[in-house]
């Protein structure tokens, strides 16, 4: 018989020949050629297994890693290009998802802590097994929740600034009192209240290494000997540590040319670092105390640098004059350059310092833009024509 190709492949050929042994007479290559020539379809692939759903914690870790990668890529793309705009849009999406995941996990931790019952204090003696397990679970949940809140604060500060900026644009467009203006004002209060409530438990923000380097670059040094910029009243040592006389812990006339706790002569680099940490701790405490809205790390570093240079009193003036605690984040950037006077004269050094602090303040928080609030439809009486605005 002829092995002319017929529809159905090798199985059809065997059936037409009435001989089940036809296949055995052919080599594997011949069988493959016959099936290909007859148009036989390869066996359908097995259905793919459904993806294993990721846990919320795994999703959060992946999103955090993705956000860091996008921020690194964004730093490398300085110019405004389509590629940079695409990375910005992706970063905005990832950050918004991170905020939702962190808020959900904080709520789950709260529920888990509530399920454990009233807080357990560490007993003076060795606790029993059940009490020890409960205490360990409580401490673990509290540590994890504190870490989540610290992750949430800068992200929430970024989102709050963009949300309030969009609302303020809507308020600027509604100069006159109207129902829409009342709605936007209420929305603004709600956004700020939610941000403050979510970040209020987080206290004790710390200065980053980049923020410390920023301050050190302004102060010069480290001066391991007395540094006198031409005015004995402003003598410093290390990185801007003011030298005061005995009995004047908060200031006063210049005293010994090195702090009393150090040996006479030249201080060491470790001594300078110790003084710097003490001085920055005062500025950090002032920012944590005077600013009630969430801040990004860059904003926090800039305000600590400002307080380190001008003191808590000048920081209070900046916060109150800019309305920062009312959510006017952008006003801080506009107000900073005004604090550039020394002895009632404009100081070129302070002008440069304020400019760099403003740049640090805005770094990272300018990514993205929220759309303007929608305008309500205009109601037109019957028979009238609505003209375009």
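Here are the numbers:
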read-out	value
Gain upon complete extension [residue 115, residue 185; 0.36 nm per residue less C-alpha separation]	21.4 nm
Residue-span extension gain [residue 168 to residue 130] - 0.36 nm each, minus C-alpha spacing	8.3 nm
Computed label-point distance, nm, for sites residue 282 and residue 59 using a 7 Å Cα→Cβ extension	4.8 nm
Potential lengthening between residue 344 and residue 325 on full extension [0.36 nm per residue; Cα-Cα distance subtracted]	4.0 nm
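Each value in this text was obtained by applying a stated rule to the coordinates, not by laboratory testing. Bear in mind that the values here come from a model prediction, so they are computed numbers and not experimental data. When we count neighbours, we look across all protein chains shown, and the Cβ atoms used for this are built from the backbone with ideal geometry, even at glycine.
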